[in-house]
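Only one structure is covered here, and it is reproduced in the block below.
Taken together, the values in this text are just the output of simple stated rules run on the coordinates, not laboratory data. Since we're looking at a predicted model, the values are computed, not measured. Cβ sites come from the backbone with ideal geometry, for glycine too, and all protein chains shown count toward neighbours.
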């Protein structure tokens, strides 16, 4: 199978899994929702965003591999509303009434983090039946952060807008409650702490939905609704008007730029089906970064090209915006590569240049020679520089991302502004075969130390099972399902995704770091 | 000798006269109303004088102001053009009394020909054939059909055809009322109506001393609402003997009154019998004079000026080839020729600047000009001169279809369809031509590519205006769920057309065609193996943009349906909206009145036409915010009838 065929196969599997998220609660549930004259979450978003603008959906595979529907009954993403980049979240009421499960909560937290780090307003399209009760233990206590995030965003002057299309009750009532602006759809929104049965149980009072939490009541009596919308479309219209009045000043357009020098279509041919084969990341850079053009006489100015050649570093532009790139070239990170990375990250901070990390690493080199050469010290320098760097970081996992290499290359735990994964990626503490092999050696040593005979044949089944399980858990859909990235993307979309991210990060000013942790020399 | 000439007129005819003046070295003076201040003819003149106000009665019809303008600007001659004061004997006399040269006939000639009843008697005496007169009392079934005309009328106004004797008194009364309000003279007359009659007229030049020549004839049979829209010279299918007889009759008419200058003797020609009857004599330059000029190689304005300066009559060169003129109007033929007003966002006609030999465009407007409600809505005359009638018709249709006419609905498609109609090409024209060819109004079938081109050009435009995500492909999605939708109103269609399109990494895709390229102004599509390039122009506010799409398959004006409408802006059902800007002349109901569907509610006057606004349903008038005299904008709510 050619590299391209292998990649296309993975892409078709990605499309299948994304389609599951789009299908929401399934045909019947969608039909019932439409019959009520209601729109699906993505239909609401399509109306909310500016016509023809791009929408970058985040964590579409959340909950993949779990008992919950792929997508975790909420859609989140970054869209442009009245020329303003916004974080948008939309409950999917066709999936169990839009109830939040543990993945929903994680996904919304991640969206809130993106809004916070990048200084974006948030528009929440609310219609959720509340918490998924069977998994309440995983949601209830951490879930409180949702409301804390909303009001803290407000305190940071990152506006929050809630458009309430349906149920938003009990804890959910605090979403409109904590938002700066609240719009409720007539005869649809239902916002109360306790519904009629609960009120009856608590106080004996007889009541109904409309008097407890109807849109008309909130608009005219309680004042919780700032606007009463005639229907869903009207709510979206009002939401757009609210964002239009936030007083965001348009930023100057970036410099003119040329499209990449090489055809991005060829990105599908680059990654070997077997990740053991290295590939040249310069070929990727030439297909995602701006080509030679006005103000960009050289597409990629490589830094320290002769030193630490297993890591490529250099300067480029993407959609006219300068970036520094760190990309693994030969998989393994040695001391030289680690020191080169630490220096390059500091240089980017000196010039306030955002950094792009392209992963294809099997980790830091092991072995006597390297340990004695100080590989830990040098790896630590790299991790130190990256951890304390204060320019925005973007990460794309192209291929392998194993061991501490994942950390050094700015993996999820290092909070890059955005992290996306190619379908060809694999990420784990080490390769599945190595991990199983290590387990075997440890088991053998353990047996021998107890004076027992190691049952190599018997262990083969265990080894195989472990290997298969680690393999599965290192694959992109699984990791994306765990919210360990912001989405799996088509390699050909990498430039667009990064361009959108670079545009987004400009909403919040930054300056390069002035201090770092102690570098062990 | 004339050194400085004032044209007491506006728009295309003013420009037309100025052009000859420039060629002769005569300085020019324009007069203009407030609404016309920015029209091209004002800028073309060496001097311009403002006539404050807009209504013709306070501007172009104010003889005193025009004379004062001539004095102030130092003009020594006045050319009246057509319409307005051109056939006003008192004005002609005042011009002469002021010591200025009047480029027109003697005031007495104007008076003699001004009354249709008087002129008819005069012509009958001169031996020119005329139609029999009737009255309400004398008319019998055998005389039907009849036509009622306003004596002081012209240009078809006040004319009514009567086919049932019982209708005659009522039609006479209506025509009288209309003539009274339009011309201040309620005199009407009744004469025989010739079915399938043709309107053939002869151009004459008289020296004022009894000498006169005929400069060929023109056929102006193709009319709408009794107003000419297509004119040509020579008249098709006219035997030379008949043509000569007509020319002689016209010269006799001019000689009978010692006519001076350019004039037109109009005849009703009955092709069945080859007989013709005197209709009237227009004592001025006609709108359609260019066809005569092209065929005879004579500048009629130059001749007018020469005669006014006392020079003799020219030798008339023989007719060469064939010329056809169309009058391009801002009007909606599909809506009973409702006149249109507003900005002409784009107005480009091939050959307008002489770049296409054989094509002549006499225009009063340019791109960006505003067509006001105060005057006639004729935008331009487009004329083609070719070796044969067929060649001229084909070329004229081609020129018109390549024109870019944006902003207002025009009669262009009707003109093109008429010029390409087999009956027209065969010379089978009559004054009833348009009424007998309803298919010409249908317009071409909407090209499904045009709305697609409009949607994609709008998307490209929005991309250019975006201040974030500059490099992202239009409508890019990493998770694909639904196509983009662009809704566009198509004129004449009940439902807007919805264009569903996808954007993204590989560019645009639309079902049923492939998108070869797209920009904010040009879109190339391929459908069924045929490639078509569309020119797209967008004007107006973004959310309700007007999109003009031109291609070899025609022009389509689309209006984008806003994605959102504020419910507060929605119009209550049962609202009666003003169909066009104008003023309310009559309110026929009061608030609270019960009305039945079709009952007249009020009468609106716009562009010199009265429109009755009727109740849409049985109900009660719940709102009535206008009174006689109220000025209303197009689309304004006049009244609300609540359904019972």
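For segment A:374-447 and segment A:88-122, compute the distance between their C-alpha centroids and round to whole Å. Cα centroid to Cα centroid, the span is 27 Å. Relative to the longest principal Cα axis of chain B, at what angle does helix B:63-73 sit, 0 to 90 degrees, rounded to 10? Tilt relative to chain B: about 90 degrees. Put in order of Cβ neighbour count within 10 Å, fewest first, the listed residues A:402, A:227 become A:227, A:402.
Here residue B:390 and residue B:643 are evaluated by their C-beta separation; at R0 = 45 Å the FRET efficiency comes out at 0.25. With both labels modelled 7 Å from their Cα along Cα-to-Cβ, the residue B:180 to residue A:170 distance reads 8.1 nm.
Per residue of peptide A:41-51, the mean number of Cβ atoms on other chains within 10 Å of the residue Cβ is 4.
Computed on chain B, the Cα convex hull volume stands at 182 Å³ per residue. Other protein chain C-beta atoms within 10 Å of residue C-beta, averaged over A:54-61: 5.
Taking 0.36 nm per residue of separation and subtracting the current Cα-Cα distance, fully stretching the chain between residue B:522 and residue B:255 would add 90.2 nm.
Spacing of the modelled spin labels on residue B:420 and residue A:372, each 7 Å from Cα toward Cβ, amounts to 9.1 nm. Counting neighbouring Cβ atoms within 10 Å and putting the fewest first, the residues A:178, A:184 line up as A:178, A:184.
Here the sum of -39500 (n - 2.57) over DSSP H runs of 4 or more residues, divided by the residues of the protein assembly as shown, equals -9500 deg cm²/dmol at 222 nm, to the nearest 500.
With respect to chain B, whose longest principal axis is taken over its alpha-carbon atoms, helix B:168-183 is tilted by about 90°. Take each residue in B:479-487, count the other chain C-beta atoms within 10 Å of its C-beta, and the mean is 6. Computed from the alpha carbon atoms alone, the convex hull of segment B:84-154 holds 113 Å³ per residue.
Dimensions of segment A:151-246 based on its C-alpha atoms, expressed as ranges along the principal axes with the largest first, amount to 45, 30, 19 Å. Calculated translational diffusion coefficient of segment B:138-295 (10 °C, 1.306 mPa s; Stokes-Einstein with Kirkwood radius over alpha-carbon pairs) equals 96 µm²/s.
Label-to-label distance, residue B:121 versus residue A:133, with points set 7 angstrom from Cα along the beta-carbon direction: 10.4 nm. Segment B:245-274 and segment A:455-521 have Cα centres spaced 95 Å apart.
The spacing between segment A:266-309 and segment B:163-186, judged by their C-alpha centroids, is 87 Å. Provide the percentage of antiparallel DSSP beta bridges, counting only those with both residues in the protein assembly as shown; round to the nearest 5. Looking only at bridges with both residues in the protein assembly as shown, the antiparallel portion is about 70 percent. All Cα-Cα distances of segment B:486-644, cut into 10 Å bins from zero to the largest, leave 9, 27, 25, 18, 14, 6, 0 percent in each bin in turn. When each of A:424, A:474, A:73, B:539 is scored by the number of other beta-carbon atoms lying within 10 Å, the sequence from fewest to most is B:539, A:474, A:424, A:73.
Kirkwood radius, chain A, all distinct C-alpha pairs, inverse of mean reciprocal distance: 24.8 Å. In chain B, the longest principal axis of the Cα atoms and the axis of helix B:389-402 are about 40 degrees apart.
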